[in-house]
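Novice: Sending over a structure as structure tokens; questions will come in a sec.
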Amino acid sequence: MEVRLRGIAVSPGIVIGKAYVRRPEEVVVPNFVVDPEKVDQEIARFRAGLDQTHGEILETQKRLAEQMGEDHAKIFDAHLLILQDTKAIEDTEQLIRDQLMCAEFALNRVIGRILDSFDRIADPYLKERSADIQDVRRRLLRNLTGQEVRAFGALNQESVIVAHDLAPSDTAMIDRRFVLGVATELGGRTSHAAILARSYGIAAVVGLEGLTEQTQHGDEIIVDGHAGVVVLRPTGDTLREYERSRQHFDELERQLLTLKEFPAITLDGRKIELSANIKSPEDTALAIAKGARGVGLYRTEYFFLSRSELPSEEEQVEAYSRVLRDLAPETVIFRTLDVGGDKFASYLGPGRSELNPFLGWRGIRFLLTRHDIFRTQLRAFLRASTSGKLKIMYPMITGLEEVRAASALLDEVRRGLDAEGYAYDPDVEVGIMIETPSAVAIADLLARETDFFSIGSNDLIQYTLAVDRGNARISYLYEPMHPSVLRLIRNTVEAGHEAGIWVGMCGEVAADPLYSVLLVGLGLDELSISAYMIPEVKRIIRSITFDESKMLVRRAMTMSTPAEIRRYLSGLMHERFPDLVSGDNDPGEPA
Amino acid sequence: MTRREVVVQNELGLHLRSASTFVRTASRFRSQIRVATALVPPVDGKSILGLVTLGAATGERLVITADGPDEAEAVEALAGLVNAHFGE
């Protein structure tokens, strides 16, 4: 029977294929009495199992380190220690010797007791660590019993992966040639499943309740990575319907990619810099493949967040140079470390303990109190600047003093580099993010002392409408089409242009096809968006005139509510681009 | 026997990675090492499985005791490690 499940779309695309189901494996634990004469043999068998598992974990660790970086592989250090735990080994051997339990049963008893004691742990993060112990137990039991590794080793034909969740050890096992799409029960946008799917460029939906229970190995399955829907055992009608949308999507994708070499320019010649947002050197390939004009936002903080200690100046120089070289001669805008808010690393200052982290120690406020970290990053930026075209951008600016303090430090760094004899690009442009209402209000003052503005739409909307997106009760208030937001954007662009500097936007809404028309009409010079969305937004820009988009904005600016503006826009867009906007959000529904 | 009380200060508490660091340090010493919290009786300080079952979150008190030829150095090193956020 056909079943439809709704989850979270984390990687776009539509795929129809056979399910490869990975259930949370429970290995059958044998229970036999050991012949008293053969106790030593049983203990030797147990130790051989430990050795084999040790080798296996080392192997997994190595493979994962190559595929996803050393940091992802670190957790296996702890797995190795679990395996070497003297206390657990002694207890197990004692049960074998004194009670003549077989190795598997004895081990299971010992680990079982340890897992039981996790029940009294209150801290949810620490409690979850029992999953790692279970992971090691499963491996060990599997090796002792010689039961087949069913995980992903047997994945040998193109399939859609269906699982409760994907662990780091799973992603290391998967042969990417055979993965068509991914569907999981757990996970959000940053889960391993989501990261894997996006890096492979395949469709993925996560957060699907009851998925593995309802799916059998080999079932036909549709993953719709646009709508966040999974269909199990689709009927003929559903299949035909999805087959059509898949072809349609593929065709559109092909057409859009033919635009790759063309600039994002309106019919009447207004050119928009259409660039990509990236968070690591690995993302540059996709940006280039999708035809990005450089990078409008390099979120350097992910380099810091994905590790357990501060990256050194040399490590930073290397990573930054790589990005610049990959994208040369195009520009890359490096945003200085932006932590706090919802981005933390235990070794960096801001913690989750602040009452109002979004109003707290974040962005430039953090950097200006941690000169050591800030200075090192600025040095790395400048030293990398000879590898391509680099621009620097400060986040979370609310006042001019912050810009001046940062610039003073940058000057100091320049002098230091001069003294040490380092070469760097002397004309690096320095701009700021406009993401607080305060920055918009004094945009004219800020524009005099900066080289460019980039509007950070996510935060600007959140601060302007005083809405926490993550709070389900009020998230409907998060409305990019709110007249207040549109006015702030207009004011920023006017102030920037008045002072002769360019104004861009980096943020999710700039990738919304409907919204991008408004942004062109509002006079933005640059849009920096997810690489996936570049072809689509480019096509829209190339199909409109600057004049008509300006007219559209003038009209929208006379309207009083977001719903009114959205209705007006989507009506127009449906007429102009029926294929792009169909199946999108209903008009009037908050995006 | 040497005994010292410390407070867990790193953000995530005594989780798998910080416990790994603890075990690796403890294993350098010959003394027997035990760790307890206010609620949980002492566990072997060289056993990662023992340490993680303490469930010691940030802010919680740990009692580290060592018994043996190098007990003073062991307690010193381990208390220092906890105070230095396990190097995280």
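Novice: Among the strands (runs of 3 or more DSSP E) confined wholly to region A:425-517, which include 3 or more residues that are of a type in the set (D, E) and not assigned by TED's automatic domain parsing to the domain that holds A:E402?
Specialist: none
Novice: Condition (residue is away from chain B (no Cβ under 14 Å), within 24 Å of A:I432 (Cβ to Cβ), in contact with a Ser or Thr (Cβ under 7 Å, 6 or more places away or on another chain) and in contact (Cβ under 8 Å) with a residue 24 or more places away in the chain) applied to region A:338-359: is it met by at least one residue?
Specialist: Within region A:338-359, none of the residues are away from chain B (no Cβ under 14 Å), within 24 Å of A:I432 (Cβ to Cβ), in contact with a Ser or Thr (Cβ under 7 Å, 6 or more places away or on another chain) and in contact (Cβ under 8 Å) with a residue 24 or more places away in the chain.
Novice: Among (1) more than 8 Å from chain A (Cβ to nearest Cβ); (2) over 10 Å from the mean Cα position of the chain (by Cα), there is one condition B:N10 misses while meeting the rest; what is its number?
Specialist: (1)
Novice: Criterion first (β-branched (V, I, T), within 31 Å of the chain's Cα centre (by Cα) and either modelled with pLDDT under 95 or crowded, with 20+ Cβ neighbours inside 10 Å (or both)) does A:V430 satisfy it?
Specialist: no
Novice: I need a count of the residues in region A:518-532 that are assigned to a helix (DSSP H, G or I) and among the aliphatic types (A, V, I, L, M).
Specialist: Within region A:518-532, residues that are assigned to a helix (DSSP H, G or I) and among the aliphatic types (A, V, I, L, M) number 4.
Novice: Residue pairs, Cβ under 7 Å, 6 or more apart or interchain, first in region A:123-145 and without any contact (Cβ under 8 Å) to a residue 24 or more places away in the chain and within 12 Å of chain B (Cβ to nearest Cβ), second among the β-branched types (V, I, T) and outside any helix (DSSP H, G or I). List them.
Specialist: The qualifying pairs are A:K127/A:I121.
Novice: For A:I114, are the conditions met, namely being crowded, with 20+ Cβ neighbours inside 10 Å, within 14 Å of chain B (Cβ to nearest Cβ) and of a type outside the set (D, E)?
Specialist: Judged against the criteria, A:I114 is a match.
Novice: Please verify whether A:V10 is exposed (fewer than 12 other Cβ atoms within 10 Å of the Cβ) and modelled with pLDDT under 90, treating the condition exactly as stated.
Specialist: no
Novice: In the set A:E412, A:E354, A:E402, which member is more than 25 Å from B:N10 (Cβ to Cβ), assigned by TED's automatic domain parsing to the domain that holds A:S321 and surrounded by fewer than 17 Cβ atoms within 10 Å (Cβ to Cβ)?
Specialist: Only one candidate passes the filter, namely A:E412.
Novice: Need a quick list: helices (runs of 4 or more DSSP H) entirely within region A:241-333 having at least 2 residues that are touching a residue at least 24 places away in the same chain (Cβ under 8 Å) and farther than 28 Å from A:I14 by Cβ.
Specialist: A:301-305, A:313-327
Novice: Return a yes/no flag: does region B:64-87 have any residue that is over 10 Å from the mean Cα position of the chain (by Cα) and at the interface with chain A (Cβ under 8 Å from one of its Cβ atoms).
Specialist: Yes, region B:64-87 contains a residue that is over 10 Å from the mean Cα position of the chain (by Cα) and at the interface with chain A (Cβ under 8 Å from one of its Cβ atoms).
Novice: Which of the following residues is under 25 Å from A:L83 (Cα atoms) and at the interface with chain A (Cβ under 8 Å from one of its Cβ atoms): B:G45, B:G55?
Specialist: So the residue among B:G45, B:G55 that is under 25 Å from A:L83 (Cα atoms) and at the interface with chain A (Cβ under 8 Å from one of its Cβ atoms) is B:G55.
Novice: What about A:I364, is it in contact with a Phe, Trp or Tyr (Cβ under 6 Å, 6 or more places away or on another chain) and either in a strand (DSSP E or B) or within 26 Å of A:A73 (Cβ to Cβ) (or both)?
Specialist: In short, no.
Novice: Could you please tell me which pairs satisfy a Cβ distance under 8 Å, a separation of 6+ or placement on different chains, a first residue in region A:42-58 that is charged (D, E, K, R), and a second residue that is part of a helix (DSSP H, G or I)?
Specialist: That search, which allows pairs on different chains as well, returns A:E42/A:I96; A:E42/A:A103; A:R45/A:A103; A:R45/A:L144; A:E56/A:R139; A:E56/A:N143.
Novice: While we're on this one: For region B:9-42, which positions are within 20 Å of A:I133 (Cβ to Cβ), charged (D, E, K, R) and surrounded by fewer than 18 Cβ atoms within 10 Å (Cβ to Cβ)?
Specialist: Across region B:9-42, the qualifying residue is only B:R24.
Novice: Kindly provide the set of residues from region A:78-108 that are within 14 Å of chain B (Cβ to nearest Cβ), surrounded by 16 or more Cβ atoms within 10 Å (Cβ to Cβ) and of a type in the set (D, E, K, R), ordered by number.
Specialist: Passing the criteria: A:D85, A:K87, A:D91.
Novice: Hey, A:T369 hits all of (1) over 22 Å from the mean Cα position of the chain (by Cα); (2) within 14 Å of another protein chain (Cβ to nearest Cβ) but one; which does it fall short on?
Specialist: (2)
Novice: Filter region B:78-88 down to the residues that are surrounded by fewer than 19 Cβ atoms within 10 Å (Cβ to Cβ) and assigned to a helix (DSSP H, G or I) and list them by number.
Specialist: Those that are surrounded by fewer than 19 Cβ atoms within 10 Å (Cβ to Cβ) and assigned to a helix (DSSP H, G or I): B:A79, B:G80, B:N83, B:H85, B:G87.
Novice: Kindly list, by first and then second residue, each pair from a residue in region B:71-88 that is closer than 10 Å to B:T2 by Cβ to a residue that is part of a helix (DSSP H, G or I) and among the aliphatic types (A, V, I, L, M), limited to pairs with Cβ atoms under 8 Å and residues at least 6 apart or on different chains.
Specialist: Taking only residues 6 or more apart or on different chains, the pairs are B:A74/B:A26.
Novice: Among the listed residues A:R375, A:R415, identify the single one that is within 20 Å of A:M433 (Cα to Cα) and in a helix (DSSP H, G or I).
Specialist: A:R375
Novice: Out of A:P578, A:P562, A:P590, A:P535, which single residue is modelled with pLDDT under 90 and more than 27 Å from A:Q247 (Cβ to Cβ)?
Specialist: A:P590
Novice: Here is a follow-up. Select from region B:13-42 the residues that are at the interface with chain A (Cβ under 9 Å from one of its Cβ atoms) and free of Cβ contacts under 8 Å to residues at least 12 places away in the same chain and list them in ascending order.
Specialist: B:R24, B:L39, listed by residue number.
Novice: Another question, then. Got at least one residue in region A:244-264 being modelled with pLDDT of 90 or more and either closer than 30 Å to A:G523 by Cβ or buried (at least 21 other Cβ atoms within 10 Å of the Cβ) (or both)?
Specialist: Checked region A:244-264: at least one residue is modelled with pLDDT of 90 or more and either closer than 30 Å to A:G523 by Cβ or buried (at least 21 other Cβ atoms within 10 Å of the Cβ) (or both).
The values are calculated or read from the model by the stated rules, or taken from the named source; none is laboratory data. Please read these numbers as outputs of a predicted model, since none were measured by experiment. Here the Cβ is made from the backbone with ideal geometry for all residues, glycine too, and neighbour counts use every protein chain on show.
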